[in-house]
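Comments concern the structure below.
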Amino acid sequence: MFEFIVGHYNYWMYVGLMMIGFYAMMAKRNLIKKIIGMNIFQSAIILFYISTSVKKGDVTVPILEHAHDGHGAHAVDIMHYANPLPHVLMLTAIVVMVATLGVAVAVTIMIYRRYQTLEEDEIIMSIRRG
Amino acid sequence: MILPLDFILILFVFICAVAAITIKDLLSAVVILGAYSFLMCLLWTEMAAIDVAFTEASVSASIGTVLMIGCVAKTKRRSKD
Amino acid sequence: MVAQIPILIVVIPLISSLFCPLIGLWRKGLCYFWTVFSLSLCALASIDTLLTVMESGTIHYRLGGWTPPFGIEYVVDHLNAMMLVIVSVISLIVAIYSKRSVEQELPRRFVYFYTVFLLQVTGFLGIVITGDLFNLYVFLEISSLAGYALIAIGEDGAPLATFRYIVMGTIGACFYLLGVGYIYISTGSLNMADVQQILPQLYHSKVVLTAVAFLLAGLAVKMALFPVHVWLPDAYTKAPSAASALIAPLMTKISLYVMIRVLFTVFKPYLSIELLPITDIMVWAGFVAILGGGIMALAQTDFKRMLCYVVVAEVGYIVGGVGLANTIAMQGAILHILNDAVMTIGLFAVAGIIVYKNKSHNISDFHGLFKKMPFTMAAFVVGALSIIGVPPTCGFFSKWYLIHGAVIAEHWAFLAALLLSSLISVVLFFRVIEIGFVFEASHGGHAHSTGHVATIDEAPLSMLIPTIAIAIGIILIGVYNQTILSNIIAFAVPKL
Amino acid sequence: MIRDSQDVIVKTLSRLLVPFMVIYALYVIMHGHHSPGGGFQGGVILAAGFVLLVVSHGLEQTRKRLSEKAAGVLSSIGVFIYAGIGALCLILGGNYLDYGKLSKLLPVVPAEARSLGILGVEIGVALAVMAVMFTIFLVIFTVGEFPEDDRSEK
Amino acid sequence: MKILSLMTAVLVGAVLIYGTLDMPKWGDPHSPANTHVSPYYLHHSLEHTATPNVVTSVLADYRGYDTLGETTVIFTAGMACILLLRAGRKRRGKGDV
């Protein structure tokens, strides 16, 4: 049981982090708060992916050593390097995150210039009033 | 990967995440979000994902924070929740 | 060189979108012709791909020359190829149609509108053609970001609708990403065919169960299935007419395509039919969506908003049809993807023309439109009849197969929903037709007293010809549905 | 919104810092094969250099070095370098993005050609990312500097 | 509203945690994710691409098409921002773009 918890507690941490972001995205009225929640949510997912690439033991970054001599004559001990594939995927996801952030910020500024407020309920009120 | 360090970093990440969504001053919230990104980046360095950590440090913690600060500067600093 | 044609489908709109702002620096007007030119090349390439697939079966294309589980692979089978043709041809038609409308609604944003338009099409085609789970996510994000931008420049209130769309869309995309992550952690692969090979031993694992749930939940948000459709009506109503004519028919259909792909290619069909009650849930979700969308549509006074709820109801048709899980219903569902894309674009094109001439999309402003723009309204009537499901039009046939499938599956509630939905559509569209036609006839005297009425006349040819072409297409697809069915869709249906 | 800083210390320090940032960014781009880094990181650091320039020396000074129009052109060119290298492989008879076929043009073995292809791609990515990040920054920070946009006229 | 959101968030979290119960242990070097595809990259990166940094070689070569998509995402974001906030604007004196 203890073994199980040690092996899985960190997944639960990430899920908790994700849910903080998810809650902020849905419950907060302020648009910038929603964007902050979005950011937290996405980076927690990235953390989850990265944690799949971890190998316990004597592990280093996935940059091969002894690269200077010859053309890959060395047999690479894969247990010695972290799994590179999730890293690659998450590089993409980080960039997607920042791109979404840029567009969301631009839309937020458009909304503010039209309604002079960032609270969602006030915006809806001012739309109702015409 | 060192377990106590991992624990401490995750604790800080949690504190930053909760603080970022509860603080009413938006500029502080955004800066705390920058701190959150930076702690995330430390966490990834510690998990041997050095490229991801570098990207997060340069993309999310710097440019992302700058964009958010721009957004707050162009709009309002106070929020109701 | 012939073997390289599948890649051109995505790369042509991508590269031409890069040149679009550069051309815009020189001549603004050329952007339009550039867009039409590149999209017609793209449509030719996709039609060629469809013909190749029909002749020689599934095409595999290895990007970078790497073998599949290690590199990214394109897999084009009958379903893919059909979707590619739908997407590229419809975007070509919208591109031709959009010129006058964009000039009127967004005069200063002409250049960048077409740049983002091309990127949107790139995203759609990339989603459809790929055989890799993560690559699909990347292109999903391209199309979402471009869609946010195209919607946000619409009329008053569009930015708020877009913001909600961004929040919902990000939730949907992130759920999809989470689902892919759960699949990755339990299989270690991202290639769809490879995952299908590995997964069957793991079907009882909780990880895979959660992965299915999250993939489908994310896609349900993207396709606007009834309870989570809330972002759709606002966003598509407020968008500029050219943008809504592009996004409304395609975005939901592509998410539906991805759903079929996930259910029957990534997972084996028996998972969702026998092991888990996914298909039963889908039929009921479709039932709720058809009725919910129909009833909400009845309550609208805004033409575009009404069409949006019709789209929500049509999503229910397809989800329910896939959920019935027999060959006939599945054929009906896939045929309905084609038909619905064509019908929706026809109706949104008519709405765009009316906005262009009438400056309003409120139904009560439609008085006497039949007399003023007879061709447009003829196209509208064809589209409306198709949505209702009247025989010579294509909507009848797919609905027929769906009903047939429901009878085979003995799912009477869904059958009742299908029939009721036709009835609701009759009420919906005859209300519009009545205002546009009958009202004018009873007040015949008004037609002679020309005044402000004279300003509204038939639409310009660049808008009218695509609209008429779509109306003719609706009837042609209806007449030749047997050919399409036996040559393409019969092979596209997943082996159950 | 953005005024140039009147502080001598800020101006001098940033004048000293910016060249080093650019050099470091180029190092990150070029040395991505052997150390962490690559196009994205380097491109963002380049953009950060321009952001620092805007903050310390003001918009007009920065526009002289990289105008908005040039940034737009650069972003197109950056993505085009990437897609173009892919298309070049297509023309040389390989599949799309098959850099090994570049060995027909370059006097190296296919493995080295792939390495060089990666370098070319990274440069394209860096240009695109730099230009786009700078553009987004400028767009957001200069809202409202010009006369009203067409939305508020209605 | 807040209670509803909290309940949704907790529900989603519960489903996610339910999914993690069957996952391989954290840091297990023999989990499928670490043994199926990724060893190929570590073994062959030097031989195929002459690039010691495996992340770079996978990013730009093995999965280069993803990176092309990613660059396109960035480009789309830039064009979207220009379309939203810049393009509709009147330039002082000059003609508009």
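The values are calculated or read from the model by the stated rules, or taken from the named source; none is laboratory data. Note that the coordinates shown come from a computational prediction; the quantities given were computed from them, not determined experimentally. Glycine gets a Cβ as well: all are built from the backbone with ideal geometry, and neighbour counts include every protein chain shown. We work out accessible area using only protein heavy atoms, side chains counted, and drop any ligands, DNA or RNA first. Shrake-Rupley method; radii C 1.70, N 1.55, O 1.52, S 1.80 Å.
If you filter the stretch C:173-204 down to residues that are more than 17 Å from A:GLN42 (Cβ to Cβ) and small (Gly, Ala, Ser), you find that the one that is farthest from the other protein chains (Cβ to nearest Cβ) is C:ALA193. The residue of the stretch C:350-363 that is modelled with the highest pLDDT, among those that are open to solvent by 10 Å² or more (accessible area, probe 1.4 Å) and farther than 11 Å from C:THR376 by Cβ, is C:VAL355.
The residue pairs whose first member lies in the stretch A:115-129 and is facing chain B (nearest Cβ under 9 Å) and closer than 21 Å to A:ILE36 by Cβ, whose second member is among the acidic types (Asp, Glu) and surrounded by 18 or more Cβ atoms within 10 Å (Cβ to Cβ), and whose beta carbons are closer than 7 Å, counting only pairs six or more residues apart or on different chains, do not exist in this structure. Among residues of the stretch C:306-333 that are closer than 20 Å to C:LEU232 by Cα, those with a beta-carbon under 8 Å from a residue that is outside any helix (DSSP H, G or I) and open to solvent by less than 10 Å² (accessible area, probe 1.4 Å) at least six positions away or on a different chain give the pairs C:VAL311/C:ALA224; C:VAL312/C:ALA224; C:VAL315/C:ALA224. Out of the stretch C:97-150, which residues are closer than 22 Å to C:TRP26 by Cβ and aliphatic (A, V, I, L, M)? Passing the criteria: C:VAL102, C:LEU106, C:VAL111, C:VAL116, C:LEU118, C:LEU119.
Among the residues of the stretch A:121-130, which ones are part of a helix (DSSP H, G or I) and surrounded by fewer than 18 Cβ atoms within 10 Å (Cβ to Cβ)?
The first filter runs over the stretch A:121-130 and keeps only residues part of a helix (DSSP H, G or I), leaving A:121-129.
Correct list: A:ASP121, A:GLU122, A:ILE124, A:MET125, A:SER126, A:ILE127, A:ARG128, A:ARG129.
Is there a residue in the stretch D:84-107 that is out of contact with any Asp or Glu (no Cβ under 9 Å at 6 or more places or on another chain), aromatic (Phe, Trp, Tyr) and open to solvent by 40 Å² or more (accessible area, probe 1.4 Å)? There is no residue in the stretch D:84-107 that is out of contact with any Asp or Glu (no Cβ under 9 Å at 6 or more places or on another chain), aromatic (Phe, Trp, Tyr) and open to solvent by 40 Å² or more (accessible area, probe 1.4 Å).
Scanning the stretch C:67-86 turns up no residue that is touching a residue at least 40 places away in the same chain (Cβ under 8 Å), open to solvent by 10 Å² or more (accessible area, probe 1.4 Å) and closer than 27 Å to D:SER75 by Cβ. Only residues that are surrounded by 24 or more Cβ atoms within 10 Å (Cβ to Cβ) and of a type in the set (Lys, Arg): list them for the stretch E:14-72, please. Within the stretch E:14-72, just E:ARG63 meets the criteria.
Pick from the stretch B:48-81 the residues that are β-branched (Val, Ile, Thr) and within 18 Å of B:LEU26 (Cβ to Cβ): which of them is modelled with the lowest pLDDT?
So the first thing to find is which residues in the stretch B:48-81 are β-branched (Val, Ile, Thr), and the list is B:50, B:52, B:55, B:59, B:63, B:65-66, B:69, B:72, B:75.
Checking which are within 18 Å of B:LEU26 (Cβ to Cβ) leaves us with B:65-66, B:69, B:72, B:75.
Details: B:THR65: 92, B:VAL66: 91, B:ILE69: 92, B:VAL72: 91, B:THR75: 87.
Checked the stretch B:48-81; the qualifying residue modelled with the lowest pLDDT is B:THR75.
Given the criteria open to solvent by less than 10 Å² (accessible area, probe 1.4 Å), under 20 Å from D:GLY32 (Cα atoms) and either small (Gly, Ala, Ser) or not in a loop (DSSP other than H, G, I, E, B) (or both), does A:LEU47 qualify? In short, no.
Condition check ((1) open to solvent by 10 Å² or more (accessible area, probe 1.4 Å); (2) within 14 Å of chain D (Cβ to nearest Cβ); (3) farther than 20 Å from C:ILE93 by Cβ) across all residues:
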position	(1), (2), (3)
C:ILE9	no, yes, no
C:ILE12	yes, yes, no
C:THR35	no, no, no
C:LEU39	no, no, no
C:LEU44	yes, no, no
C:THR52	yes, no, yes
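Residues considered: D:SER76, D:SER14. Of these, the only one that is more than 8 Å from every other protein chain (Cβ to nearest Cβ), open to solvent by less than 10 Å² (accessible area, probe 1.4 Å) and either farther than 29 Å from C:ILE23 by Cα or modelled with pLDDT of 90 or more (or both) is D:SER14. None of B:VAL59, B:VAL66, B:VAL72, B:VAL52 is surrounded by fewer than 23 Cβ atoms within 10 Å (Cβ to Cβ), facing chain A (nearest Cβ under 7 Å) and closer than 23 Å to A:ALA99 by Cβ except B:VAL72. For the stretch D:88-99, the tally of residues that are at the interface with chain C (Cβ under 7 Å from one of its Cβ atoms) and assigned to a helix (DSSP H, G or I) stands at 1.
Is it fair to say C:VAL138 is more than 21 Å from the chain's Cα centre (by Cα), assigned to a helix (DSSP H, G or I) and either within 8 Å of chain E (Cβ to nearest Cβ) or among the hydrophobic types (A, V, I, L, M, F, W, C) (or both)? Let's see the steps before the verdict.
Details: more than 21 Å from the chain's Cα centre (by Cα): no; assigned to a helix (DSSP H, G or I): yes; either within 8 Å of chain E (Cβ to nearest Cβ) or among the hydrophobic types (A, V, I, L, M, F, W, C) (or both): yes.
Taking the combined requirement at face value, the residue does not satisfy it.
Can you tell me which residue within the stretch C:167-211, out of those that are outside any helix (DSSP H, G or I) and of a type outside the set (S, T, N, Q), is surrounded by the most Cβ atoms within 10 Å (Cβ to Cβ)? Can you show your working first?
Let us first name the residues in the stretch C:167-211 that are outside any helix (DSSP H, G or I), namely C:188-191, C:203-205.
Now narrow it down to the ones that are of a type outside the set (S, T, N, Q): C:188, C:190, C:203-204.
Values: C:GLY188: 23, C:LEU190: 25, C:TYR203: 15, C:HIS204: 9.
Among them, the one singled out is C:LEU190.
For C:TRP26, state whether it is of a type in the set (Phe, Trp, Tyr), open to solvent by 10 Å² or more (accessible area, probe 1.4 Å), out of contact with any His (no Cβ under 7 Å at 6 or more places or on another chain) and closer than 27 Å to C:GLY473 by Cβ. So C:TRP26 does not fit the description; no. Would you mind stating whether C:VAL381 is closer than 20 Å to C:ILE295 by Cβ, in a helix (DSSP H, G or I), β-branched (Val, Ile, Thr) and open to solvent by 20 Å² or more (accessible area, probe 1.4 Å)? It is false that C:VAL381 is closer than 20 Å to C:ILE295 by Cβ, in a helix (DSSP H, G or I), β-branched (Val, Ile, Thr) and open to solvent by 20 Å² or more (accessible area, probe 1.4 Å).
One line per residue, one yes/no per condition, for (1) open to solvent by less than 10 Å² (accessible area, probe 1.4 Å); (2) over 19 Å from C:LEU246 (Cα atoms); (3) in a helix (DSSP H, G or I):
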site: C:GLY292; (1), (2), (3): no, yes, yes
site: C:ALA297; (1), (2), (3): yes, yes, yes
site: C:ARG305; (1), (2), (3): no, no, yes
site: C:CYS308; (1), (2), (3): yes, no, yes
site: C:GLY323; (1), (2), (3): yes, yes, yes
site: C:ALA333; (1), (2), (3): yes, yes, yes
site: C:PHE348; (1), (2), (3): yes, no, yes
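Of the residues making up the stretch D:27-58, just one is out of contact with any helix residue (DSSP H, G or I) (no Cβ under 8 Å at 6 or more places or on another chain) and in contact (Cβ under 8 Å) with a residue 40 or more places away in the chain, namely D:GLY58. Which residues, counting only those in the stretch B:16-54, are assigned to a loop (DSSP other than H, G, I, E, B) and touching a residue at least 12 places away in the same chain (Cβ under 8 Å)? Listed by number, the residues that qualify are B:LYS24, B:MET47, B:ALA48. For the stretch D:23-35, the criterion of being touching a strand residue (DSSP E or B) at 6+ places or on another chain (Cβ under 8 Å) and assigned to a loop (DSSP other than H, G, I, E, B) is met by at least one residue. The single condition among (1) surrounded by fewer than 15 Cβ atoms within 10 Å (Cβ to Cβ); (2) aliphatic (A, V, I, L, M); (3) at pLDDT 85 or above that C:ALA454 does not satisfy is (3).
Considering the stretch A:70-112, and only residues there that are assigned to a loop (DSSP other than H, G, I, E, B) and open to solvent by 10 Å² or more (accessible area, probe 1.4 Å), the residue that is modelled with the highest pLDDT turns out to be A:ASP77.
Which ones in the stretch E:31-65 are in contact with a Gly (Cβ under 6 Å, 6 or more places away or on another chain), within 17 Å of A:THR52 (Cα to Cα) and part of a helix (DSSP H, G or I)? Please lay out each step first, then the result.
Step one: list which residues in the stretch E:31-65 are in contact with a Gly (Cβ under 6 Å, 6 or more places away or on another chain), which gives E:32-33, E:36-37, E:46-47, E:56, E:62, E:64.
Right, trim to within 17 Å of A:THR52 (Cα to Cα) and you get E:32-33, E:36-37.
Matches in the stretch E:31-65: E:PRO32, E:ALA33.
Just to be sure, is C:ILE260 open to solvent by less than 10 Å² (accessible area, probe 1.4 Å) and under 18 Å from C:LEU133 (Cα atoms)? So C:ILE260 passes the test.
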